[in-house]
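Below is one structure; the comments refer to it alone.
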Amino acid sequence: MDRQKLVILGGGESGVGAALLGKAKGYDVFLSDRGGLKEQYRAELEANQIDFEEGTHTEERVLQATLVVKSPGIPGTVPLVQKLKAQETPVISEIEFAARYTRARLVGITGSNGKTTTTLLIYHLLKTAGLNVGLAGNIGDSFAKQVINDTFDWFVLEISSFQLDDMFDTRLNVAVLLNITPDHLDRYNYEFQNYVDSKFRIVQNMQSDDDFIYFDGNEPIKRELAKRSIPARHLPISLERALSPGGYFQNGELVAHNGDHAFTLPVVDLPLKGPHNAINMLSAILAAQSVGVSAEAIAQGLHTFQNASHRLEPAGQINGVSFINDSKATNVDSVFYALASMTTPTVWIAGGQDKGNDYSQIDELVSERVKGLICLGVDNQKLVAHFTGRVPQIFETQSVTEAVQKGLEWASPGEVVLLSPACASFDLFRNYEDRGEQFKQAVKAL
């Protein structure tokens, strides 16, 4: 019998990982990337004698596939993917493919905002408690690649809506849904409900002994839950009322009840600040309880956690002015969280590639906290039009150095200059990391 033909579309971290796993499992593998491959990935494919092409998709070869693993960056609407679907070739994500070959139990995290922080925190809590745990998904090393040797008992997976769209049979033992706010609507036909449906795919195969953790202060989540019956155990989180089972934040304390696990801890000296991080921490505590981590180990892990870079990351101080790098804030909701965490007047640096942003949702916070807006982008028209008259001063630039200098000029000692762009970075930078690094360098240079 012919070997099954596995075609991988997209040769990034997840695509190359899927190719290596496919080869290990006996597939006839072909990887196709319409762009160019990074040198390390090209070398890895060559070393493993995996057939690949770059700069094009050879349609007839792709259409011969018995199974296709598609990069989350490729929309399902592109003609090639449509042709595959029309001929009923399964098109799945790398997470779906890898999940078929692991014996590990899975914790999955999704949400429009906070998922990287929460994923890293859950991973940290499990690891410091001594569990044998891997980290994958939308972060770190490819899940598929780590499943080749399959040495972990647990995986903590950050899962984006684009990955969920191509997941069908994966069962998560613990699922976390942080929030749903309008984002990436260009990929969902500008229909918010399509995006909500996508996020709710995280619970699609859960069973009665699995745990579903969610923030019940998010209206779209509440509305959707009213329409569905999900067999998993529900563990809601609230910032307003006491819940059991579930988690809540009251009188400066995080409280979580999950089965016979109870947990209470004051937040005062924890590294993560702000109400959005209370939700992230409660999600992580409940997930750690689901896995069986003790209260002592959770408390210890919360105290020793260091957040990812480019997420409200301190970038230095000049003359008493603090610079904060929140380059990963690529939508308005992330900026809402960032501004809500500011306790002093703030000079806000924003701009880049707009993804259909509605700035009115932060009007109140901006008028309360922002003393000046610096627009760092090629086309700042929308930002300028919306905030003229709402902030005392606006400055436009395409230079990160100039933005930092102007921020220093406008801010007084004890105040903050916050890079929290609300937009994608591709107009002036390679990606949000590049934008954040350049910002940190500019602060250092001053």
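The values are calculated or read from the model by the stated rules, or taken from the named source; none is laboratory data. Just so it is clear, the structure is predicted and the values come from calculations on it, not from any experiment. All Cβ positions, glycine included, derive from the backbone under ideal geometry; neighbour counts span all protein chains shown.
The table that follows gives values for the structure above.
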item	result
Filtered residue count, region 145-184, keeping only those that are of a type in the set (A, V, I, L, M), in contact with a strand residue (DSSP E or B) (Cβ under 9 Å, 6 or more places away or on another chain) and farther than 28 Å from Tyr337 by Cβ	1
Lone unmet requirement of (1) touching a Lys or Arg at 6+ places or on another chain (Cβ under 8 Å); (2) at positive phi for Tyr190	(1)
Candidate set from region 100-130 (those that are assigned to a helix (DSSP H, G or I) and charged (D, E, K, R)); member that is modelled with the highest pLDDT	Lys127
Residue satisfying all of: in region 220-263; hydroxyl-bearing (Ser, Thr, Tyr) and either within 23 Å of the chain's Cα centre (by Cα) or not in a loop (DSSP other than H, G, I, E, B) (or both); surrounded by the fewest Cβ atoms within 10 Å (Cβ to Cβ) among these	Ser238
Some residue of region 81-94 being of a type in the set (Asp, Glu) and either surrounded by 19 or more Cβ atoms within 10 Å (Cβ to Cβ) or closer than 13 Å to Ile8 by Cα (or both)	yes
Boolean, Pro79 is under 23 Å from Arg187 (Cβ atoms) and in contact with a Phe, Trp or Tyr (Cβ under 6 Å, 6 or more places away or on another chain)	no
Residue in region 410-420 that is closer than 15 Å to Asn325 by Cβ and of a type in the set (Asp, Glu) present	no
Residue that is surrounded by the fewest Cβ atoms within 10 Å (Cβ to Cβ), among those in region 377-389 that are touching a Phe, Trp or Tyr at 6+ places or on another chain (Cβ under 9 Å) and under 21 Å from Val416 (Cα atoms)	Phe387
Candidate set: region 25-53, residues that are among the small types (Gly, Ala, Ser) and more than 21 Å from Ile74 (Cβ to Cβ); chosen: the one nearest to the chain's Cα centre (by Cα)	Ala43
Residue match in region 29-43 (condition: surrounded by 24 or more Cβ atoms within 10 Å (Cβ to Cβ) and either outside the structural domain of Ala18 (by TED's automatic domain parsing) or in contact with a His (Cβ under 7 Å, 6 or more places away or on another chain) (or both))	yes
Among (1) modelled with pLDDT under 95; (2) farther than 28 Å from Leu270 by Cβ; (3) touching a Lys or Arg at 6+ places or on another chain (Cβ under 6 Å) - the single one Asn205 does not satisfy	(1)
Helices (runs of 4 or more DSSP H) within region 320-414 that include 2 or more residues polar (S, T, N, Q) and over 17 Å from Lys440 (Cα atoms)	none
